[in-house]
Amino acid sequence: MKLYLYIIVMLILFNTATIMLTYLSEKRIDVYFSIYLLIYLIITEILMPFKRKYRSRVNIIITICLIIFAYIVAKRVMEILS
Amino acid sequence: MNRIKIIAIYLSTLSIIFFILYFITNILLYLAFTISSLLLGSTLLLIPYESREEAFLRGLTFLTYDFYANMEKLLKEFDVNRRGIYFSVKTNGDKSIRIAVPLIEKSPPLAERDLGGIITSSGGSYLMLVPPGFSLIKYFFGKQEAVTPIELEDYQIEDILSRCLCDIIELCTSIKVLSTAEHIVIKLYNPIKEFYGIEKVFPRTVYSIGSPYSSIVASIVSYALNKRIQIFSEKFSRGEITIEMDVV
């Protein structure tokens with residue numbers, strides 16, 4: 001079933017990303033978040049069953065995540081400018 | 001609860017635990033795990049997941065309702081409001097099942113073979129219809145050795161009905177058959193609820209051929225016993241349907 005594949009692939013990639021970033025001694029949580037969001041967007045687009053009722057709900061999560069991401073980017077830009 | 005929702009709740013709980021651990025230990029890895037499990041957990045919680053089987057069952061329910069709607073229209077057209085008789089017929093040498101709904105009050109006995117067409121005047125004036133259990137009977141009895149048309153005990157009927165209704169189509173979880181002096185009483189336990197209340201939508205059809213539950217049961221019983229069966233009554237309760245049938 002495609003939804004189970006989605007869950008498995010997502011979990012594998014999330015954990016791989018976490019292990020890699022920890023191995024690289026990454027201490028910034030926004031880097032973790034950005035990588036997770038990237039994985040989430042790609043895998044959701046590829047593997048999430050294309051049903052309108054699913055997509056409308058997933059779009060809510062994507063919107064919230066993108067707002068957080070925009071806040072992180074804005075914060076970084078402010079840091080660089082100051 | 002379906003498996004997807006269980007996984008979703010598990011991941012969401014895990015994210016809360018990781019977050020608490022992050023608060024206690026201040027290790028960044030816990031916060032990272034919080035984000036990842038929350039992201040996936042909330043997605044699975046939010047999507048209105050239903051299995052393909054559930055959606056397919058809904059589709060089949062709609063198709064059955066459409067069949068009943070057509071029947072209602074047909075019965076209204078012929079102005080028929082009488083109890084149908086389930087009986088086995090011979091069609092091209094094979095045994096099959098039909099419902100005969102009398103068009104006039106005192107119809108003489110039916111012929112043993114199907115003459116084709118929906119109205120037959122061979123031995124009476126009847127509307128000859130194919131019941132909802134027709135394909136199930138073909139599927140089940142096609143695989144079995146021929147059932148001898150002799151008196152079957154209650155437990156034998158129960159066994160046939162259980163294999164058809166519980167194993168093949170999963171209409172209910174168990175069946176009990178009781179023969180009383182007046183009727184054959186069949187109880188279906190934990191039936192699917194999709195056709196509860198169908199008699200309110202299509203009263204004429206349900207009166208004539210019974211609800212989908214009793215129609216399938218009557219078809220199988222009639223075929224197995226090789227007798228003419230008429231549905232006398234059916235009672236719907238919370239987890240049980242009681243069908244009373246007569247041998248005519």
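The values are calculated or read from the model by the stated rules, or taken from the named source; none is laboratory data. None of these values were measured; they are calculated from a predicted model. Counting neighbours? That spans all protein chains shown, and the Cβs are built from the backbone with ideal geometry, glycine included.
Quick notes
- Only one of A:L41, A:L5, A:L11, A:L81 that is farther than 17 Å from B:A8 by Cα and surrounded by 12 or more Cβ atoms within 10 Å (Cβ to Cβ): A:L41
- Residue, modelled with the lowest pLDDT, within the stretch A:5-47, restricted to residues that are over 16 Å from the mean Cα position of the chain (by Cα) and facing chain B (nearest Cβ under 8 Å): A:K27
- Just one of the listed residues (B:L14, B:L46, B:L31) is crowded, with 17+ Cβ neighbours inside 10 Å and within 21 Å of A:V9 (Cβ to Cβ), namely B:L14.
- Annotation: A:F50 fulfils all but one of (1) outside any helix (DSSP H, G or I); (2) within 11 Å of chain B (Cβ to nearest Cβ); the unmet one is (2).
- Flag if B:S12 is more than 10 Å from every other protein chain (Cβ to nearest Cβ) and either polar (S, T, N, Q) or over 27 Å from the mean Cα position of the chain (by Cα) (or both): yes
- Pairs meeting the criteria (first residue in the stretch A:53-66 and within 7 Å of another protein chain (Cβ to nearest Cβ), second residue polar (S, T, N, Q), beta carbons under 9 Å, at least 6 apart or on different chains) are A:R57/B:T43; A:V58/A:T44; A:V58/B:T43; A:I61/A:T44; A:I61/B:S42; A:I61/B:T43.
- Considering the stretch B:163-248, the qualifying strands (runs of 3 or more DSSP E), each wholly inside and each with 3 or more residues that are under 18 Å from B:P132 (Cα atoms), run over B:229-237, B:240-247.
Conditions tested, residue by residue: (1) on the phi > 0 side of the Ramachandran plot; (2) surrounded by 12 or more Cβ atoms within 10 Å (Cβ to Cβ); (3) touching a His at 6+ places or on another chain (Cβ under 9 Å); (4) within 14 Å of chain A (Cβ to nearest Cβ).
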{"site": "B:I7", "(1), (2), (3), (4)": "no, yes, no, yes"}
{"site": "B:I35", "(1), (2), (3), (4)": "no, yes, no, yes"}
{"site": "B:L39", "(1), (2), (3), (4)": "no, yes, no, yes"}
{"site": "B:S42", "(1), (2), (3), (4)": "no, yes, no, yes"}
{"site": "B:E50", "(1), (2), (3), (4)": "no, yes, no, yes"}
{"site": "B:T64", "(1), (2), (3), (4)": "no, yes, no, no"}
{"site": "B:F67", "(1), (2), (3), (4)": "no, yes, no, no"}
{"site": "B:D79", "(1), (2), (3), (4)": "yes, no, no, no"}
{"site": "B:F87", "(1), (2), (3), (4)": "no, yes, no, no"}
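- Only residues that are surrounded by fewer than 17 Cβ atoms within 10 Å (Cβ to Cβ), free of Cβ contacts under 8 Å to residues at least 24 places away in the same chain and in contact with a Lys or Arg (Cβ under 8 Å, 6 or more places away or on another chain) were counted across the stretch B:171-197, and they come to 1.
- Some residue of the stretch B:7-22 being closer than 24 Å to A:S34 by Cβ, not assigned by TED's automatic domain parsing to the domain that holds B:I169, not in a helix (DSSP H, G or I) and not hydroxyl-bearing (S, T, Y): no
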